[in-house]
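A.B. asks: One structure coming up, written as structure tokens, with questions to follow.
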Amino acid sequence: MPQSTLSQHGADGFLLPWHEYSNDDIFVNLQNIRDFRVIAQYPHFLGDPKPLQESIADRLYEETYAILAAAKLNRFDSLKRLNEDNDLAIRYTDDDHGFVIVISADGTLKISRTGSSLERFYRWYTMFMPHMNDLVAAVTQEYEGALNRRHGSELRVTPTRATYGFSFLLHTFKKAAGRKRERNSRLLNVLLTKVPGKDGHLVSFTEDLFPELGRVDISISRWNSSPAGIVREVFNMEAPSNRDYGALWLDFSFIGETAGSEAPPREIVDFDAFFGRYDIPINDFLQRHCLSNFLSNLTEGLTFESSTGWLP
């Protein structure tokens with residue numbers, strides 16, 4: 001088995017069993033997730049990125065092999081190496097636990113998983129994410145090694161920005177115990193009362209405006225504290241006109257970056273904690289802030305369905 005940086009994972013005890021995690025009423029309707037990704041971006045020091053990209057891809061393949069062995073997933077024949085345009089990818093094609101790891105030419109590391117039932121995703125998350133710090137550490141070590149060999153330096157490298165992203169697709173909104181379908185404006189009215197009219201003046205947001213509006217998108221960003229430092233939480237909603245305004249795309253992002261302020265010193269996120277405390281994005285942020293609080297308030301009095309990727 002290849003050498004691995006597999007570490008002792010201290011956040012496992014903070015993750016709830018699924019029956020406790022899904023105990024809120026919102027999970028009666030919300031049963032699927034459309035997409036998940038976790039991204040780490042790095043600074044651009046080197047001229048020709050291809051040799052480093054290939055070296056990182058080799059290291060990530062070894063680390064992923066070690067993760068599958070440690071998790072007792074095995075099925076190593078399902079671990080594929082791919083060259084997709086300018087990206088090098090490692091894909092695990094298992095039906096239940098599949099995922100993709102991509103290292104881009106610009107040094108961005110991305111781990112993603114396509115839609116599935118929310119329960120299946122949660123079980124995958126609790127299995128895979130304890131090893132996320134190992135993957136980031138491997139990329140960082142390869143990056144530092146290449147940079148310092150080139151310049152004879154001992155520069156430490158950290159990600160410049162990192163994101164956990166959770167996407168959902170909701171549709172078929174109805175009043176509780178009712179048959180009539182509701183439009184997505186019912187939900188947007190909770191957050192948005194006025195929109196620009198034909199001449200730009202603000203007018204009340206009503207269904208009468210739908211013929212004039214192609215779509216309504218809302219993005220709300222706020223700073224919050226975490227064990228890694230100050231992080232940015234983004235609540236993004238897209239309400240397009242297809243299906244007679246009957247669907248809502250939701251994207252929730254938990255972002256680590258340099259905290260904004262007018263003057264230095266600006267706070268830098270502790271990326272070891274950002275990835276090491278993988279329980280915070282799925283527990284505090286997704287389950288509590290986004291689903292049990294925000295989405296429950298937004299859909300109060302309604303039932304709905306969720307999709308793993310496409311509208312039925």
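The values are calculated or read from the model by the stated rules, or taken from the named source; none is laboratory data. Keep in mind that this is a model prediction, so the values were computed, not measured. Every residue, glycine among them, receives a Cβ derived from its backbone with ideal geometry; neighbour counts consider all protein chains shown. For the accessible areas, the whole protein counts, side chains as well, though only heavy atoms, and no ligand, DNA or RNA atoms are used. Shrake-Rupley method; radii C 1.70, N 1.55, O 1.52, S 1.80 Å.
A.B. asks: Please go through segment 96-113 and pick out each residue that is open to solvent by 10 Å² or more (accessible area, probe 1.4 Å), of a type outside the set (G, A, S) and either in contact with a Ser or Thr (Cβ under 6 Å, 6 or more places away or on another chain) or at pLDDT below 95 (or both).
C.D. replies: D96, H97, V100, V102, D106, T108
A.B. asks: Out of the residues in segment 168-225 that are of a type in the set (A, V, I, L, M, F, W, C) and at pLDDT 85 or above, which is nearest to D251 (Cα to Cα)?
C.D. replies: Step by step, filter segment 168-225, then rank; the result is F168.
A.B. asks: Kindly check whether there is at least one residue in segment 298-308 that is farther than 29 Å from R123 by Cα, open to solvent by 50 Å² or more (accessible area, probe 1.4 Å) and modelled with pLDDT under 90.
C.D. replies: Going through segment 298-308, the residues farther than 29 Å from R123 by Cα turn out to be 301.
Filter once more, keeping what is open to solvent by 50 Å² or more (accessible area, probe 1.4 Å): none.
Taking every residue of segment 298-308 in turn, none turns out to be farther than 29 Å from R123 by Cα, open to solvent by 50 Å² or more (accessible area, probe 1.4 Å) and modelled with pLDDT under 90.
A.B. asks: Moving on to the next point. Taking only segment 139-189 into account, find how many residues are aliphatic (A, V, I, L, M), open to solvent by 30 Å² or more (accessible area, probe 1.4 Å) and within 30 Å of A105 (Cα to Cα). Please lay out each step first, then the result.
C.D. replies: First, pick out the residues of segment 139-189 that are aliphatic (A, V, I, L, M): 139, 146-147, 155, 157, 162, 169-170, 176-177, 187-188.
Pick out the ones that are also open to solvent by 30 Å² or more (accessible area, probe 1.4 Å) and you get 155, 176-177.
Restricting the remaining residues to those that are within 30 Å of A105 (Cα to Cα) gives 155.
The total comes to 1.
A.B. asks: Name the residues in segment 13-45 that are open to solvent by 80 Å² or more (accessible area, probe 1.4 Å), closer than 19 Å to T140 by Cβ and aromatic (F, W, Y), would you?
C.D. replies: If the condition is that a residue be open to solvent by 80 Å² or more (accessible area, probe 1.4 Å), closer than 19 Å to T140 by Cβ and aromatic (F, W, Y), then F45 is the only one that fits.
A.B. asks: Still on this structure, please answer the following. What is the residue count in segment 235-254 for residues that are at pLDDT 80 or above and either in contact with a Gly (Cβ under 9 Å, 6 or more places away or on another chain) or assigned to a helix (DSSP H, G or I) (or both)?
C.D. replies: Number of matching residues: 4.
A.B. asks: How many residues are at pLDDT 85 or above and assigned to a loop (DSSP other than H, G, I, E, B) when one looks only at segment 38-71?
C.D. replies: Within segment 38-71, the subset at pLDDT 85 or above is 38-42, 53-70.
So of that shortlist, the ones also assigned to a loop (DSSP other than H, G, I, E, B) come out as 42.
The qualifying residues number 1.
A.B. asks: Still on this structure, please answer the following. Right, F285: within 17 Å of the chain's Cα centre (by Cα), at pLDDT 95 or above and not basic (K, R) or not?
C.D. replies: Values: within 17 Å of the chain's Cα centre (by Cα): yes; at pLDDT 95 or above: yes; not basic (K, R): yes.
Yes.
A.B. asks: Out of segment 98-110, which residues are within 16 Å of the chain's Cα centre (by Cα) and farther than 19 Å from R75 by Cα?
C.D. replies: Residues satisfying the conditions are V102, T108, L109, K110.
A.B. asks: Against the conditions (1) aromatic (F, W, Y); (2) farther than 19 Å from S253 by Cβ; (3) outside any helix (DSSP H, G or I), where does Y143 fall short? Just the number, please.
C.D. replies: Exception for Y143: condition (3).
A.B. asks: Related question: Take segment 18-37 and flag every residue that is in a loop (DSSP other than H, G, I, E, B) and polar (S, T, N, Q).
C.D. replies: Just the residues of segment 18-37 that are in a loop (DSSP other than H, G, I, E, B), to begin with: 22-25, 30-31.
Hits for segment 18-37 are S22, N23, Q31.
A.B. asks: Please pick out the residue among L79, L118, L170, L187 that is in contact (Cβ under 8 Å) with a residue 12 or more places away in the chain and farther than 30 Å from F304 by Cβ.
C.D. replies: Numbers: L118 fails: farther than 30 Å from F304 by Cβ; L170 fails: farther than 30 Å from F304 by Cβ; L187 fails: farther than 30 Å from F304 by Cβ.
The conditions single out L79.
A.B. asks: Go through segment 146-175 and give me each residue that's assigned to a loop (DSSP other than H, G, I, E, B) and within 14 Å of A40 (Cα to Cα).
C.D. replies: Filtering segment 146-175 for residues assigned to a loop (DSSP other than H, G, I, E, B) gives 152-160.
Correct list: V157, T158, P159, T160.
A.B. asks: Same structure, new question: Does any residue of segment 183-194 turn out to be closer than 27 Å to V269 by Cβ and assigned to a strand (DSSP E or B)?
C.D. replies: First, the residues of segment 183-194 that are closer than 27 Å to V269 by Cβ: none.
Scanning segment 183-194, I find no residue that is closer than 27 Å to V269 by Cβ and assigned to a strand (DSSP E or B), so the answer is no.
A.B. asks: On the given criteria, is Y125 farther than 22 Å from T308 by Cα, surrounded by 14 or more Cβ atoms within 10 Å (Cβ to Cβ) and of a type in the set (F, W, Y)? Even if it seems obvious, please write down each step before you answer.
C.D. replies: Values: farther than 22 Å from T308 by Cα: no; surrounded by 14 or more Cβ atoms within 10 Å (Cβ to Cβ): yes; of a type in the set (F, W, Y): yes.
Spelling it out, it is not the case that Y125 is farther than 22 Å from T308 by Cα, surrounded by 14 or more Cβ atoms within 10 Å (Cβ to Cβ) and of a type in the set (F, W, Y).
A.B. asks: Within the set of pairs 6 or more residues apart or between chains, which connect a residue that is touching a residue at least 60 places away in the same chain (Cβ under 8 Å) inside segment 282-296 to a residue that is among the β-branched types (V, I, T) and open to solvent by less than 40 Å² (accessible area, probe 1.4 Å) with Cβ atoms less than 8 Å apart?
C.D. replies: Filtered contacts from segment 282-296: L291/I26; S292/I26; L295/I26; S296/I26.
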